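The values are calculated or read from the model by the stated rules, or taken from the named source; none is laboratory data. From a predicted model like this one, the values you see are computed outputs, not experimental measurements. Positions of Cβ are generated from backbone atoms using ideal geometry, with glycine treated the same way; all protein chains shown enter the neighbour counts. Surface accessibility is based on the protein's heavy atoms, side chains included, excluding ligands, DNA and RNA. Shrake-Rupley method; radii C 1.70, N 1.55, O 1.52, S 1.80 Å.
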Amino acid sequence: MTTLTNAGPRKGSYAMGLVRIFSAPEKMIALIMAVILAFLVVFPLFQLIRETMTVQPYDATYLPGRVPGELTSFHYERVFTGRLSWALFYKPFVNSLITAFGATVLCLALGATLAWVVVRTNVPFRETVNAAVVMPYMLPSWVMALAWMTFFKNDRIGGASGLLAYVTGSQPPDWLAFGAVPIIICLAFHYYVYSYLIISGSLSTVDSQLEEAGAIAGLSRLRQFLSITAPLVLPALGSAVVMTFIRVIGSFGTPAVLGMPARYFVLPTQIYAAIGSRNVGDGYLLALVLVVMAILFIWINQRIIGVRKSFVTMSGKGFRSREVDLGPFRWVVFGLIMLLLCFTVILPIGLLLLQSLSKTAGVFDLSQLTLHYWFGDRGGVNALYAGVFQNPQILSAAWNSLRLAFFAALGTGILGFLIGYVVVRTRGTLASRTLEMAAFLPYIFPAVAFGAIYIGMFSKSIGPIPALYGTFALLVLIATVKNLPYTSRTGIAALLQIDKSLEETARVQGIGWFTRMRRIIVPLASSGLVSGMLLTFIGTMRELSLIVLLVTPSTAVLASVIYSYQTDDVPQLIGAATLLLVALVVGCNVLFRLLFRNTKMGFA
Amino acid sequence: MKRRLFNQILAGSVALALASPAFAQEADFESWLKTAELSQFQPQDENWDDIIKKAKQEGEVTVYSSASTVNALAEDFQKLYPEIKVNAYDLGSEKTIEKVVREQQAGIYSVDVVNTGGAAQMIYDLLPNHRIVNYVPRYLEKSIPEELREPLLTQVVEATVLMYNADTYKDAPPISNVWQLTEPEWKKRFAMKSPLGSLTTLGLLAMIAEHSDAFAKAYQDYAGKPLELSDGIENAGYEFLHRLLQNDLVIYDSGSKLATASGLKGQDKPPITFSSMHYINKNASDDYANAILYDVNPAGVFAYSTYTSIAAKAPHPNAAKLFVAFQMGPKDLTADTKVEKPYRDGKSLEALQGLAAYFKVGTFSPRDDVPVPPGGEKWREATKFWGTPSYQRDNVAAVNDFWIIETSQ
């Protein structure tokens, strides 16, 4: 900075330009952000495309004599038209579509119903219900899958039996234990929270006077709903569908746990297998399919409902929300919601707890209870594995998880704020729009695919950046970038509310940029940002898909360690370690809320 | 899980040969070999007092390994040489190889000893590209068959075996010919690990394909007529796998789950599994009833090597030599040396040294002059199939594809 000041304007127009940039810091920040995003988000996408079109080292057996890096359509032929295409692509693709559509529909049905009940009816304990229905989101999505296994596991895979088989003595059928049905249900029980939050947010802005107007005009209840309420909520429904679908189709943990035993493969598990066996050409191409699908989905959504993105339904006039009286049914509805909570939160946690306390996996007998998997030392009940609190692997992974989540939250907080600042201050320009879009781009990368790209990108040094493969920094980097859409969005929203004049006044008084930020902008924007950071924190704590390809023994986090216990078949430790993870997530969440009590929390 | 082997093949060699280090680096490598007295510079008469002295001066040794046993190995080494700090990393085979390659590509030379399976990659990629060096202490040359020390020293021989439940089948093994597994009786009752992501399992499949003649003959013995290959199936080995999959072979993602599946006592119809042989030791720790199908036509034991080597430009070459020698066992050990439990303590540890951590059924020393662990008496006579590294190199990709196609039918 000093050198630039010293350079002064006399160095001609080039230096003048620099000076101008520095007198308007948002331009410089915009430039820096553009470079960062281009490198971390746009470049990977091109990298991904390029790798699918070039010869990879793995291909040598198929393409003798071809040099890695040469252009080839080999992967496209292999994946889309070759004799392997059915196995590699079409079948997993169809499976992915089935589970993703199934789960999305179920999510929407659940979320929308709940939203309507909570916002528009007189169901008892509305506040509590509102807080409780988002609980499943705090748990890692594959907790449901593990709980499902504990309950429905049958003798197709040997070893310990599931609770159902243990209690009833008869084996649940394969279709109930593994494959599409359980995957859809487990994913839906986790991701319905998206549509609940989006739709309830939108519903609460619909003035019921509009419906009453409809009633006066002689419309039936159904017609009122179809021609007044539904169209108003439609844009929210659209984004709920898009968000849910993209997340669900890119998720790895649940299909991996529940699909494999029945040979039910989906795209993310195929990507994992391909990259795990070093066949990156195929793996990246499958990842690209997921990216394209996400883009397509967003595009369709915008074409269908995006034109009417929002409606002005809030005005200065009185706003009224009429409660639908459920009558005696309100308790039935309440009971149903409690039942849902039992299935999505209490039962999974209970099963995991039970599992963590059993001496022999699959034997759910009171005399068999042990605390070994919590506090036991190696050589006790299980000679190979020490309990959670004696197990250096788990403890260091827990510490890594916390560190990773903290740094990622910090990273996204800072980047999100700066991007928000630049986007808002340069509003209306092409740069502003481009930056906003680039910051949203990580959302369309399915997590597994994103991890796959980063492996390729950072396994060699790029310019001044050393090879990051296997380092903790790489995990922080990818978690930060992947979560950027949340904080940049909350950042933009927060900064939009701060009028430019506040800053201009300060500037006129000669107050420098950093001071303006520190004293005015950051304090005003903080509440929005903190909520985005909290989301990143929670999301990163329980993230598996994103980092499963990137972790090494020394950088393992809780989620990846739990996944490895899943393959090592130590169900008790899975139970205990997962509960530890849940406790950490919930604990940190409570702590955050206490620390930032005034912050209105959003969601992801 | 242990050693997820490679998968990658000639592939790597072509790539790496092209990107291979410039001449200057070659010269560097040569001069390192010379100072380290390795490869062509390894003296006919190794002065072990001198090596130990230098190793202690180096004070440290870093080991990448495909198996968690390396931790026990490191502990034992430090009992004997407390002056030398061991940094042992249990990385699994795939990551071991990948880490060595990636680090060296980035110009980082931090590892000394590399222990892993993955014949195709180790022998056809890392070795010719000077990422590792074969080192056989001279005193071992007579007691290890040539194919187990050239071109790369085998640290331990391991095996994938057919396991059955000896609690359910008390009198005799349930099958005597592998083709019985393709019959309806064994539908859904044969299990193995997924080869996608497990190079050991992929290697096993390649071995089956490689020994197709033996499988064809076994079928003739069993059915009394020649085997008819299904459409598009290349040989009897593939046909065997094809029929197993048609018989609803159950795929697992983990080896220890397999051991439980076939070994858990009190089952009416326990499955037979392809398991890593060392899981037989779970019989003692978990009270399982696994037994090995030693006498099955054509074979129930599929053996493979886990190799050991010194990494190129290892920063502690003498400590590396000492570590390799330690893990192969001392010079004065004989087949009659009496060792007692616990092997990793006192006199037994002194006698066995680095073999102590592996002194159990399923991980056998390639040396023919060392004692056999109790329960492993049958090992030396049992019919064993071995895979040829070059066959694996040329065929694992095809086997991998075959598996992908067949499992999605």
Cβ-Cβ under 8 Å pairs, at least 6 apart or on other chains, region A:271-291 side more than 14 Å from chain B (Cβ to nearest Cβ), far side of a type in the set (D, E, K, R): A:Y284/A:E51
Out of all the residues in region A:31-53, is one or more surrounded by fewer than 21 Cβ atoms within 10 Å (Cβ to Cβ), within 14 Å of another protein chain (Cβ to nearest Cβ) and closer than 28 Å to B:E98 by Cα? no
Counted residues, region B:215-264 - those being within 28 Å of the chain's Cα centre (by Cα), free of Cβ contacts under 8 Å to residues at least 40 places away in the same chain and more than 14 Å from chain A (Cβ to nearest Cβ): 5
Taking only pairs six or more apart or across chains, which ones have beta-carbon atoms under 7 Å, a first residue in region B:77-102 that is at the interface with chain A (Cβ under 8 Å from one of its Cβ atoms), and a second residue that is in a helix (DSSP H, G or I) and open to solvent by 60 Å² or more (accessible area, probe 1.4 Å)? B:Y89/A:P553; B:D90/A:P553; B:D90/B:N71; B:L91/A:P553; B:L91/B:K99
Any residue at all in region B:390-404 that's within 14 Å of chain A (Cβ to nearest Cβ), basic (K, R) and open to solvent by 30 Å² or more (accessible area, probe 1.4 Å)? yes
Go through (1) in a helix (DSSP H, G or I); (2) modelled with pLDDT under 80 and name the single condition A:L550 misses. (1)
With B:S93, B:S68 as the choices, which residue is surrounded by fewer than 23 Cβ atoms within 10 Å (Cβ to Cβ) and in contact with a strand residue (DSSP E or B) (Cβ under 8 Å, 6 or more places away or on another chain)? B:S68
Only listed residue being more than 25 Å from B:V296 (Cα to Cα) and of a type in the set (F, W, Y), chosen from B:F385, B:F364, B:F359: B:F359
Hits in region B:36-61 - residues which are surrounded by 15 or more Cβ atoms within 10 Å (Cβ to Cβ) and of a type in the set (G, A, S): B:A36, B:S39, B:A55
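For (1) more than 14 Å from A:A479 (Cβ to Cβ); (2) among the small types (G, A, S); (3) without any contact (Cβ under 8 Å) to a residue 12 or more places away in the chain, each residue gets a yes or a no:
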| site | (1), (2), (3) |
| --- | --- |
| A:R519 | yes, no, no |
| A:A556 | yes, yes, no |
| A:S564 | yes, yes, yes |
| A:I574 | yes, no, no |
| A:A577 | yes, yes, no |
| A:L584 | yes, no, no |
Residues being open to solvent by 30 Å² or more (accessible area, probe 1.4 Å), within 14 Å of another protein chain (Cβ to nearest Cβ) and polar (S, T, N, Q) - total across region B:172-194: 0
Filtering region A:75-94 down to residues that are hydroxyl-bearing (S, T, Y) and either touching a residue at least 60 places away in the same chain (Cβ under 8 Å) or surrounded by 12 or more Cβ atoms within 10 Å (Cβ to Cβ) (or both) yields A:Y76, A:S85, A:Y90
Which one of these is within 23 Å of A:L237 (Cβ to Cβ), free of Cβ contacts under 8 Å to residues at least 60 places away in the same chain and part of a helix (DSSP H, G or I): A:A115, A:A109? A:A109
Taking A:L495 as the residue in question, decide whether it is in a helix (DSSP H, G or I), within 14 Å of another protein chain (Cβ to nearest Cβ), open to solvent by less than 60 Å² (accessible area, probe 1.4 Å) and at negative phi. no
Does at least one position in region A:61-74 carry a residue that is within 24 Å of A:F445 (Cα to Cα), crowded, with 21+ Cβ neighbours inside 10 Å and more than 14 Å from chain B (Cβ to nearest Cβ)? no
Looking at region A:457-477, is at least one residue open to solvent by 60 Å² or more (accessible area, probe 1.4 Å), away from every other protein chain (no Cβ under 14 Å) and touching a residue at least 24 places away in the same chain (Cβ under 8 Å)? no
What about B:T154, is it crowded, with 18+ Cβ neighbours inside 10 Å, within 30 Å of B:P271 (Cβ to Cβ), more than 14 Å from every other protein chain (Cβ to nearest Cβ) and in contact with a strand residue (DSSP E or B) (Cβ under 6 Å, 6 or more places away or on another chain)? no
Given (1) in a loop (DSSP other than H, G, I, E, B); (2) crowded, with 22+ Cβ neighbours inside 10 Å, index of the condition A:V143 fails: (1)
Filter result (of a type in the set (A, V, I, L, M) and not in a loop (DSSP other than H, G, I, E, B)) within region A:257-278: A:V257, A:L258, A:M260, A:A262, A:L267, A:I271, A:A273, A:A274, A:I275
Among the helices (runs of 4 or more DSSP H) contained in region A:1-89, which hold 2 or more residues that are modelled with pLDDT of 75 or more? A:25-37, A:43-52
Can you tell me which residue is farthest from A:F265 (Cα to Cα) among those in region B:265-295 that are facing chain A (nearest Cβ under 10 Å), open to solvent by less than 30 Å² (accessible area, probe 1.4 Å) and not polar (S, T, N, Q)? B:P270
Please return the ranges of strands (runs of 3 or more DSSP E) entirely within region B:174-282 where 2 or more residues are modelled with pLDDT of 90 or more and not charged (D, E, K, R). B:190-193, B:272-276
Is it the case, given these coordinates, that B:L33 is assigned to a helix (DSSP H, G or I), open to solvent by less than 10 Å² (accessible area, probe 1.4 Å) and either modelled with pLDDT of 90 or more or within 14 Å of another protein chain (Cβ to nearest Cβ) (or both)? yes
So which of B:A120, B:A55, B:A72, B:A88 is farther than 21 Å from B:D28 by Cβ, more than 19 Å from the chain's Cα centre (by Cα) and among the small types (G, A, S)? B:A55
Out of all the residues in region B:132-155, is one or more in contact with a Lys or Arg (Cβ under 7 Å, 6 or more places away or on another chain), farther than 26 Å from B:S390 by Cβ and of a type in the set (D, E, K, R)? no
Can you name every residue in region B:8-30 that is modelled with pLDDT of 50 or more and under 29 Å from the mean Cα position of the chain (by Cα)? B:F29
Can you tell which of A:Q209, A:Q224 is of a type in the set (S, T, N, Q) and open to solvent by 40 Å² or more (accessible area, probe 1.4 Å)? A:Q209
Among the residues listed as A:G238, A:G281, the single one being modelled with pLDDT under 85, open to solvent by less than 10 Å² (accessible area, probe 1.4 Å) and either part of a helix (DSSP H, G or I) or of a type in the set (S, T, Y) (or both): A:G238
The one condition B:P145 fails out of (1) open to solvent by 40 Å² or more (accessible area, probe 1.4 Å); (2) within 18 Å of the chain's Cα centre (by Cα); (3) free of Cβ contacts under 8 Å to residues at least 24 places away in the same chain is (3)
